[in-house]
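Report on the following structure.
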Amino acid sequence: MEINYQNFIEALILDTHPMRRTKSKLKMHYYIGLEHLLRKCEENNEYTSARLKQYRNVLVGNTDVPKLTEKECKDVIYSLVNSRIRPWRKKYRYWLLCDIALIIFDEAKIKRTVTCLKEYLNKRQALEIENLQTFLFNNVEIPKTIMFTKDLVEQFRTNRDFAAKPEKRYIVTANVSAGKSTLINAIIGKPLTRTSQEICTGNLCYIYNKPFEDDVVHLAASPLNFNASYNDLANTERSVVSSIASHFRMTHSTNRVCIIDTPGVNSAINRNHKKITRKVLKEEIYNKLIYVLNANKLGTDEEKEHLQWVAENVTKEKVVFVLNKLDDFKNIDDSVEESINGVKSDLNAMGYENPIICPISSYFAFLIKLKENGEQMSEDEIDAYNLYFKKFSKDEYDLSIYSSTIDSNTNETEQVKMEKRCGLYGLEQVLFGGES
Ligand SMILES: Nc1nc2c(ncn2[C@@H]2O[C@H](COP(=O)(O)OP(=O)(O)OP(=O)(O)O)[C@@H](O)[C@H]2O)c(=O)[nH]1
Ligand SMILES: [Mg+2]
């Protein structure tokens, strides 16, 4: 499926939409007006349909939208945007423009739709609407007279600025079950990509950050799903490429980021997985490659083979190594450092002069973020969290000592302390740090 990235990564909060406070009949009229203007002036577009569905949910709920004739629709719009007997309704034409902008996002298309809206307005009103249109595309303070548009205009502007940022792309690779998907979920702070003890990721999964939290997950499916539940994500077809957009709960960055999950390369059952991953490692454009090593399976022939392949096929400066699953590492006190040194000397031998190696427990990191953000956790997850919390409170499990950039701060919360100790904080700093 071809994705329009700017529309796909757009965040939108409708829970606080000003029309929600109005009467049901008015909300229905507003929805009819919005839909009519968009359908009339925008080519039939699946993004518009997916967005309209969100508006429909918020404004109309399960009530059927009556089928109106062209003339009836026009009358509804007139009564909304240009009512002589209800002058306070002028707000609605401003909100309509904001909503049109938020739905179609593209400047030229917005202009085209605004031309349709202007058919209903007199000269002075049309001019006011044109003014608002320019506010969407500059950063001028919103005048007091139209303060009621502030929330919607600001949402538009934040999305606009975010979409204009260059995108940083990260790709994750490893052997089967090293914890690639778990690590990605830990960075994002949500269970967006499937994880399992069995071979799990079956094709590429592109996950895009959104500019702010709107509690909505976008899934590029057919039809486009702008209200995907974690269940929907878990039930997508494994063997096809998938694309997801959601706000990332990253510690150090608000950047525009795309993380690409890949299948493990050593699946004996499905040889195609190796082909898929190696092809994308060679052909995709990315800033960094995150190579995940399972600390409990270091030095296997399969590991050596993939490391060698990456050394020969990927620019060395792009690679960040992650030593994962250190929570159930045996003899933790003397061997984390030894393992890091062992990995380092293997990598030196492959031509990496000064490899970056970040030790981590991805699973604990993931649980910390779930808890921190008030996500629902299963009983098993709560038990595991408590167990790891105890473990990582011990100094011999403090992985932050392997990061040169972490300062400890006595005022920090327990959560931040644990993020540092489990290795996530240091890794995020390496990947995204120093960027705003
Ligand atoms: N104890 C522990 N378990 C982990 C950690 N990271 C991942 N796991 C577990 O390891 C198993 C595999 O994790 P995934 O994230 O699915 O691994 P993957 O590399 O994406 O696997 P494939 O997609 O099949 O290649 C799951 O049961 C995870 O819960 C960790 O840091 N500690
Ligand atoms: Mg996976």
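Sorted ascending by nearby beta carbons within 10 Å, beginning with the fewest, 239, 378 become 378, 239.
In this model, which of 123/165; 25/53; 275/344 are farther than 25 Å apart at the alpha-carbon?
Numbers: 123/165 37 Å; 25/53 18 Å; 275/344 27 Å.
From the list (123/165; 25/53; 275/344), the Cα-Cα distance tops 25 Å for 123/165; 275/344.
Placing +1 on the Cβ of every Lys and Arg and -1 on the Cβ of every Asp and Glu, with nothing else charged, gives the chain a dipole about its Cα centre of roughly 2600 debye.
Considering only Cα-Cα distances, which of the following residue pairs are longer than 24 Å: 297/369; 369/390; 325/369; 318/369; 40/71; 190/420? Exceeds cut-off: 297/369; 318/369.
Tally Lys and Arg at +1 and Asp and Glu at -1 over the other residues with C-beta under 14 Å from the C-beta of residue 356: what net charge comes out? All intermediate terms of the calculation are to be shown ahead of the outcome.
Values: positive: 288, 316, 318, 344; negative: 317, 353, 428.
Once positives and negatives cancel, what remains is +1.
Rounded to the nearest 20, the Cβ-based charge dipole of the stretch 5-164 about its Cα centre (Lys and Arg +1, Asp and Glu -1) stands at 820 debye.
In order along the stretch 290-297, phi translates into HN-Hα couplings of 9, 9, 9, 10, 7, 4, 8, 10 Hz, rounded to whole numbers, per the Karplus curve 6.51 cos²θ - 1.76 cosθ + 1.60 with θ = phi - 60° and x for Gly and Pro. The GNM of the chain, with springs linking C-alpha atoms under 10 angstrom apart, assigns the highest mean-square fluctuation among 182, 413, 277 to 413.
Ranked by how many other Cβ atoms sit within 10 Å of their own Cβ, fewest first, the residues 181, 246 fall in the order 246, 181.
So how do 95, 309 line up by other beta-carbon neighbours within 10 Å, fewest first? Please list the in-between numbers first.
Numbers: 95 21, 309 16.
Least to most surrounded, the residues fall as 309, 95.
About the centre of its Cα atoms, the stretch 181-237 shows a dipole size close to 120 debye [charges on the beta carbon of Lys, Arg (+1) and Asp, Glu (-1) only; nearest 20 debye]. Going through the cross-link list 74/150; 274/304; 210/274, which pairs have a Cα-Cα distance over 20 Å in this structure? The pairs that break the limit, which is 20 Å between Cα atoms, are 74/150; 210/274. By the beta carbon rule, with partners counted only under 4.7 Å, the chain holds these lone Cys residues: 73, 98, 200, 205, 258, 358, 422.
Since every read-out is calculated from the coordinates, none of them should be taken as a lab result. In this text, all values refer to a predicted model and were calculated from it rather than measured experimentally. A quick note on method: Cβ atoms are made from the backbone with ideal geometry, for glycine too, and the neighbour counts reach across all protein chains shown.
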